[in-house]
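Peer 1: Here you go, one structure.
The values are calculated or read from the model by the stated rules, or taken from the named source; none is laboratory data. Bear in mind the structure is a predicted one, so any value in this text is a computation, not a measurement. Note: ideal-geometry Cβ built from the backbone for every residue, glycine included; neighbour counts use all protein chains shown.
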Amino acid sequence: MDRATAAAPEQEPEPRREAIRVENLHKSFGSLEVLKGVDLTAQQGDVVAIIGGSGSGKSTMLRCINFLETPSSGKIVIGGEEVAMRADGSPANQKQIERIRTKLAMVFQQFNLWTHRTLLENVIEVPVHVLKMPKPQAIERARELLARVGLGGKEDTFPAYLSGGQQQRAAIARALAVDPSAMLFDEPTSALDPELVGEVLTVIRDLAAEGRTMLLVTHEMKFAREVANHVVYLYQGRIEEQGPPAEVFGNPQSERLKQFLSSVG
Amino acid sequence: MTGLLEILGLGASAELLSLSGWGGNLLRGLANSLQIAFGAFGLGLVIGLFGAYGKLYGGKVTRDLLAIYTTVIRAVPELVLILILYYVGSDIINQISEAMGGGRVEINGVAAGIWVLGVVQGAYATEVLRGAIQAVPTGQIEAAKSYGMPAIMIMRRVTIPAMMSFAVPGLANLWLIATKDTALLAVVGFNELTLETRQAASSTRAYFTFFLAAGFLYLMVTLCSGAVFARIEKWARRGQPSLKEGSA
């Protein structure tokens with residue numbers, strides 16, 4: 001656990017601000033307790049990879065951070081602002097959670113692009129309607145972002161006519177369009193054919209390199225080791241082990257993590 | 001043209017159906033029918049949208065009330081409902097008017113027709129739209145939520161456009177039913193197409209001519225509606241590849 005604090009690299013001279021803090025997060029579905037008290041802090045610019053077996057609670061944890069799942073109890077602080085929660089864990093102030101959500105862009109396993117809108121319309125939707133950005137400005141920015149993820153020229157195409165990899169890259173462009181303070185990736189490559197995984201990982205790698213704050217739930221161990229500066233291993237709703245990737249992957253301490261790493265190869 | 005009609009022995013029919021003859025009455029009846037069908041369909045859509053959202057997201061009381069509404073309306077024959085709603089509705093309005101010191105109110109036929117058929121349409125539309133909303137993949141709505149959209153915006157920008165492709169075939173059915181249910185308003189003496197036809201037919205004894213003409217008018221309405229709904233459906237399905245292979 002204390003390796004978490006040692007993870008902060010020294011090459012950053014000024015103190016970095018905290019982006020996301022999760023304290024003692026619990027989540028139950030009925031009688032099934034999926035998260036049993038998780039603590040996690042990501043500073044700005046951190047790339048935190050969350051790994052774990054199926055059912056370990058890693059996706060649930062990510063979805064609790066933007067309240068797509070209602071936590072059962074705990075504390076969530078985004079950019080220094082604590083999310084007001086009722087006793088049952090639901091957000092006490094809908095306006096607050098909506099405002100905070102605009103700063104946390106999520107990329108889903110199933111892309112979840114709006115199928116009745118073209119790629120350009122998907123990317124400008126939130127800037128124009130939620131953030132009230134002038135439409136011409138939003139369109140210009142959307143074109144840049146689509147070009148950046150390698151989808152220049154596909155602006156007027158509907159998602160259904162694109163490959164999974166292209167859709168996921170468009171979803172990343174949609175996420176970037178809100179200029180998020182942190183990005184939440186929920187297994188972004190798990191629904192992709194193997195030959196399409198690489199193109200999505202390349203985009204995410206670029207984002208990590210430019211210092212974006214990211215929480216990344218993934219099964220791609222090699223990729224996690226490469227881009228993350230902090231790795232969290234979840235086991236049955238608890239953080240079993242965490243630390244810098246070199247240590248978590250190179251010198252795992254717990255038996256379960258060793259077993260997990262050998263099973264995923 | 002006239003010569004051809006004479007040869008076919010239809011000269012008399014053509015004269016009866018001319019606009020200066022009974023034909024004008026039939027067209028006025030059709031206009032009334034369409035007006036009511038439009039109004040009732042529109043009212044039904046509004047009721048249906050609230051009904052569908054109420055059934056899906058409402059509290060227990062809301063859901064129970066809506067269940068009673070859709071069950072009763074869909075269980076009782078339209079003709080009976082029209083008689084009940086029309087007479088109950090006009091009775092209530094008159095009682096209110098008299099209680100407030102006014103006299104008896106002349107019920108506007110078009111308004112009454114729209115209200116009566118709209119309530120009927122609303123029950124069916126509730127179920128059509130409820131099914132369509134449920135067919136929208138949850139990921140579409142989750143994505144909207146995760147980007148901070150408020151509930152009303154999600155409904156307007158995501159749920160309703162995404163459910164349209166599921167709703168349009170059912171709504172097209174409802175529209176056609178609305179056009180033909182207007183004929184039932186003849187029983188309360190409203191001058192729609194069927195009543196006009198009956199009056200024309202009994203005045204002239206040319207039953208065959210007039211009912212055939214009315215049937216033709218209803219058929220035209222259906223054919224035009226079909227063309228319009230085909231376009232609406234194409235628009236609602238934008239972004240979805242065709243199921244037919246080879247055509248994009």
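Peer 1: Only one of these is under 30 Å from B:S242 (Cα atoms), among the small types (G, A, S) and within 14 Å of chain A (Cβ to nearest Cβ): B:A151, B:A132. Name it.
Peer 2: B:A132
Peer 1: In this structure, is B:G139 under 26 Å from A:L104 (Cβ atoms), within 14 Å of chain A (Cβ to nearest Cβ) and assigned to a loop (DSSP other than H, G, I, E, B)?
Peer 2: Against the criterion (under 26 Å from A:L104 (Cβ atoms), within 14 Å of chain A (Cβ to nearest Cβ) and assigned to a loop (DSSP other than H, G, I, E, B)), B:G139 does not qualify.
Peer 1: Looking at A:A175, is it out of contact with any helix residue (DSSP H, G or I) (no Cβ under 8 Å at 6 or more places or on another chain), surrounded by 23 or more Cβ atoms within 10 Å (Cβ to Cβ) and in the same structural domain as A:E155 (by TED's automatic domain parsing)?
Peer 2: So A:A175 fits the description; yes.
Peer 1: Would you check if there is a residue in segment A:104-123 being among the charged types (D, E, K, R), within 16 Å of the chain's Cα centre (by Cα) and not assigned by TED's automatic domain parsing to the domain that holds A:G52?
Peer 2: No.
Peer 1: Would you confirm whether or not segment B:140-158 contains a residue that is farther than 22 Å from B:R231 by Cβ and in contact with a Gly (Cβ under 7 Å, 6 or more places away or on another chain)?
Peer 2: No: zero hits.
Peer 1: Of everything in segment A:80-97 that's in contact (Cβ under 8 Å) with a residue 24 or more places away in the chain and within 14 Å of chain B (Cβ to nearest Cβ), which residue is farthest from B:Q140 (Cα to Cα)?
Peer 2: A:P91
Peer 1: Quick check on my filter: what residues within segment A:215-264 are at negative phi, of a type in the set (S, T, N, Q) and in contact with a Ser or Thr (Cβ under 9 Å, 6 or more places away or on another chain)?
Peer 2: Across segment A:215-264, the qualifying residue is only A:T218.
Peer 1: What number goes with the only condition from (1) of a type in the set (S, T, N, Q); (2) under 19 Å from A:E98 (Cα atoms); (3) away from chain B (no Cβ under 11 Å) that A:Q137 does not pass?
Peer 2: Only one criterion in (1) of a type in the set (S, T, N, Q); (2) under 19 Å from A:E98 (Cα atoms); (3) away from chain B (no Cβ under 11 Å) is unmet by A:Q137, namely (2).
Peer 1: Which of the helices (runs of 4 or more DSSP H) contained wholly in segment B:143-206 include at least 2 residues that are closer than 15 Å to B:I133 by Cα and free of Cβ contacts under 8 Å to residues at least 60 places away in the same chain?
Peer 2: The helices (runs of 4 or more DSSP H) meeting that bar are B:151-154, B:160-181.
Peer 1: Of the residues A:L145, A:L104, A:L120, A:L113, only one is touching a residue at least 24 places away in the same chain (Cβ under 8 Å), touching a helix residue (DSSP H, G or I) at 6+ places or on another chain (Cβ under 6 Å) and at the interface with another protein chain (Cβ under 9 Å from one of its Cβ atoms); which?
Peer 2: A:L113
Peer 1: Also: Just one of B:L184, B:L174, B:L212 is among the aliphatic types (A, V, I, L, M), surrounded by fewer than 18 Cβ atoms within 10 Å (Cβ to Cβ) and either within 14 Å of another protein chain (Cβ to nearest Cβ) or out of contact with any Gly (no Cβ under 6 Å at 6 or more places or on another chain) (or both); which is it?
Peer 2: Criteria check complete, one pass: B:L212.
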